[in-house]
Amino acid sequence: MSPRRNRPRGGGRSARRDGEADGRYGMEHTDEWRGEEWVVRQISGQSAAKHYRCPGCDQEIPPGVPHVVAWQRDGRVDDRRHWHRACWNARDRRSARLQRSRQAPRY
């Protein structure tokens, strides 16, 4: 008896449509949100070297944690925001009324 094959035949690569993000780090894709186009880039944990504040949950993203960087297509470089992946995926379900504690930094 031969061993069971766990991988799909055909080279293991799935077919994807043009313009569809494949989830690779550093690759940009556009996403529609609130009637505007956003450029979204996946950042790996190795290339995340600074502390960031996620606008979705208002929690800190420490260095070494993979996350998402998103900005408006026609926005400036200063308008980029670093999000947790789960927060970016749940951005429509989150409320905009986040309250910080008194000692929380404002960035």
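The values are calculated or read from the model by the stated rules, or taken from the named source; none is laboratory data. Please read all numbers here as calculations on a predicted model, not as lab measurements. With ideal geometry, Cβ positions are generated from the backbone for all residues, glycine too; neighbour counts draw on all protein chains shown. Side chains are part of the model used for accessible areas, which takes the heavy atoms of the whole protein and leaves out ligands, DNA and RNA. Shrake-Rupley method; radii C 1.70, N 1.55, O 1.52, S 1.80 Å.
Tabulated values for the structure
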read-out: Residues located in segment 27-75, provided they are part of a strand (DSSP E or B) and in contact with a helix residue (DSSP H, G or I) (Cβ under 9 Å, 6 or more places away or on another chain); value: D31, V40, Q42, H67, V68, A70, W71, Q72
read-out: Members of segment 31-83 that are open to solvent by 60 Å² or more (accessible area, probe 1.4 Å), under 12 Å from the mean Cα position of the chain (by Cα) and within 21 Å of R93 (Cβ to Cβ); value: R81
read-out: The lone exception for G12 - which of (1) open to solvent by less than 80 Å² (accessible area, probe 1.4 Å); (2) over 17 Å from the mean Cα position of the chain (by Cα); (3) at pLDDT 80 or above it fails; value: (3)
read-out: Leading residue by the ranking (most open to solvent (accessible area, probe 1.4 Å)) among those in segment 84-103 that are modelled with pLDDT under 90 and among the charged types (D, E, K, R); value: R102
